[in-house]
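Student: First, the structure itself, so that you have it in front of you.
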Ligand code: SF4
């Protein structure tokens, strides 16, 4: 077995510093928004007493799911013995940590009292799935750090497959935990299904793979390193397969609601009568997020081109954010059935109504700040440590 | 806190077992919070279980309860999506018969409160006498309890507040809901909404100790039909309704 050589990201280019500056200013914008929200209260956001989780949660959950999914590349190499992915394991581990930190930072900064983070770390209520998630997330970061260290430290090489296996199992539990945050909300019909856990695992694989491909390709593009097309093609095939799986689970999700007469309202709302949510579902989540990228990825000619794979991955990321918007915002906008079967004639607190939500710039900027933080950590780590593999160019080298 | 329910769901039971093992270290601090909130010299005890019976046939087209709550607890009378509402009036119609009902909606003080289950820090808690409260000192403002409440009973404080009442501390960035006027109850008085409803002459709200078999509320619940909202969720609210 040939040993792989790893490189640092070349940092002397204008491109590198431009990217650094861009990410740093996005992060600054995010922190400024968080400070504004802390100062004025959530009144400056679009969130209210009916839509209590908004845009920040969409970004955060996207990043947390992607963090778990992105580790799949390393897992495939260590669990299923796919040697071809081994050179990418370091990048996969690094991104898992950085994306998770980005996501968690958004969640923390969106708290009504972010200054009380220490309370969250010292007061635990173990009946809360949130508490379990706090432990799972912290554990995940610790485990993947050890895993990375074992991979990069020659003396520890014999143990790294074990660390990889632990990380693999932990990752599945973690994503199930993220799905369960919603699954446990018995009062809210759209979330009241056990299917959310497998759906979230599938989504994490889709988001993680798309993000991984984008970062891998841009690290090569920016760093003028060469790409191994065979790896990219394999990764894009996996991406397409995960995307089909997630689509299948979405179909099953709606079928389970359609099966029960009293739950058909959920299907009607999201698929037909939900206004903006219906439009976002069909055009954004399905059209842009699934059908277009699947067409591109499976197209015999287009599907081989790096540009097209990049485009498909971007569509999947944007479509994924829209999907989470539909699920998280739409799921809250869908009226609660508090007075089983009775029609609400009037209420000062929006009972029985579809709730409106328009995200504010502060929220968007906080979310974007979290994404920037994740990318900044990854970028700097790639610059400082030997993370990126030198190209194993046993095939022709594609160019952009 | 209330552990007496044979029909608890398997999910709840699983969580309870898991919690039993892991919360040994947390229990003392939760208990401290529970007792610290009792203002009277008499400790809060599980011998009492405060409840409310609302007879919708007597509930008129008035909002005396809402106004009284706002005045008592220093809430704004403004109505919009970001202002807190601890109690609200809702008008309902039976789709088959067309019968219109008006009722006050507030925290149902569930015996199995989902807000307490989901709260990561234990800020949402239930007193031994069944009153569900938020400890404003450890609420981090994650709003998970608001996501979990089937009654939309909770509000988040979206802006800095002024003119607070000493007995009802509130704070920007935390979540709050009806306290059943715990400060009045502990002093042997009725919750403000119940008083106001009585004074208006409608007398639609009956407050009392559900554990005391001789209390008027327990007597009526024993002999008359009443409804728990979203009974299918088996949260066993201490607030019950008649006439819906
Ligand atoms: S908002 Fe406060 S009371 Fe509600 S779940 Fe979060 S920490 Fe608990």
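The values are calculated or read from the model by the stated rules, or taken from the named source; none is laboratory data. Keep in mind it's a predicted model, so treat the numbers as computed, not measured. Cβ: placed from backbone, ideal geometry, glycine included. Neighbour counts: every protein chain shown.
Student: Return yes when residue B:176 is farther than 23 Å from residue B:150 by Cα and modelled with pLDDT of 95 or more and no when it is not. I'd like the intermediate steps shown before the answer.
Tutor: Numbers: farther than 23 Å from residue B:150 by Cα: no; modelled with pLDDT of 95 or more: yes.
No: the conditions fail for residue B:176.
Student: Continuing with the same structure: Within the range B:51-139, considering only strands (runs of 3 or more DSSP E) that don't extend past its boundaries, which have at least 2 residues that are free of Cβ contacts under 8 Å to residues at least 60 places away in the same chain?
Tutor: Per the criteria, B:87-93, B:100-106, B:132-134.
Student: Further question: Looking only at helices (runs of 4 or more DSSP H) that lie completely in the range A:233-331, which have at least 3 residues being under 27 Å from residue A:52 (Cα atoms)? Can you show your working first?
Tutor: Details: elements: A:264-267, A:276-279, A:292-298, A:306-325.
So the answer is A:264-267, A:276-279, A:306-325.
Student: Any idea which of (1) at pLDDT 95 or above; (2) within 14 Å of another protein chain (Cβ to nearest Cβ); (3) under 22 Å from the mean Cα position of the chain (by Cα) is the one residue A:112 doesn't satisfy?
Tutor: All conditions pass for residue A:112, except number (3).
Student: Scan the range B:107-144 residue by residue and report those that are more than 11 Å from chain A (Cβ to nearest Cβ) and near the ligand (Cβ under 9 Å from one of its atoms).
Tutor: B:134, the sole residue that qualifies.
Student: Within the range A:131-139, is there a residue that is surrounded by 21 or more Cβ atoms within 10 Å (Cβ to Cβ), more than 14 Å from chain B (Cβ to nearest Cβ), assigned to a helix (DSSP H, G or I) and more than 16 Å from the ligand (Cβ to nearest atom)?
Tutor: No, every residue in the range A:131-139 fails to be surrounded by 21 or more Cβ atoms within 10 Å (Cβ to Cβ), more than 14 Å from chain B (Cβ to nearest Cβ), assigned to a helix (DSSP H, G or I) and more than 16 Å from the ligand (Cβ to nearest atom).
Student: I'd like the full set of residues that are over 17 Å from residue B:131 (Cα atoms) and either touching a residue at least 12 places away in the same chain (Cβ under 8 Å) or within 11 Å of another protein chain (Cβ to nearest Cβ) (or both), limited to the range B:219-228.
Tutor: B:220, B:221, B:224, B:225, B:226, B:227
Student: Looking at B:141, B:130 in this structure, which one is surrounded by 16 or more Cβ atoms within 10 Å (Cβ to Cβ) and under 24 Å from residue A:181 (Cα atoms)? Steps first, answer last, please.
Tutor: Details: B:130 fails: under 24 Å from residue A:181 (Cα atoms).
Every option except B:141 fails the conditions.
Student: I would also like to ask the following. Looking at B:72, B:42, can you tell me which residue is modelled with pLDDT under 95 and farther than 16 Å from residue B:126 by Cα? I'd like the intermediate steps shown before the answer.
Tutor: Working: B:72 fails: modelled with pLDDT under 95.
Residue meeting the stated conditions: B:42.
Student: Also, quick follow-up: Condition check: at pLDDT 90 or above and more than 17 Å from the chain's Cα centre (by Cα). Does residue A:79 satisfy that?
Tutor: On the way: at pLDDT 90 or above: no; more than 17 Å from the chain's Cα centre (by Cα): yes.
Spelling it out, it is not the case that residue A:79 is at pLDDT 90 or above and more than 17 Å from the chain's Cα centre (by Cα).
Student: If residue B:188 satisfies every condition in (1) surrounded by fewer than 17 Cβ atoms within 10 Å (Cβ to Cβ); (2) under 30 Å from residue A:48 (Cα atoms) but one, which is the exception?
Tutor: Of the numbered conditions (1) surrounded by fewer than 17 Cβ atoms within 10 Å (Cβ to Cβ); (2) under 30 Å from residue A:48 (Cα atoms), the odd one out for residue B:188 is (2).
Student: Could you please find all residues in the range B:145-180 being within 14 Å of the ligand (Cβ to nearest atom) and not in a loop (DSSP other than H, G, I, E, B)?
Tutor: B:145, B:146, B:147, B:148, B:155, B:156, B:175, B:176
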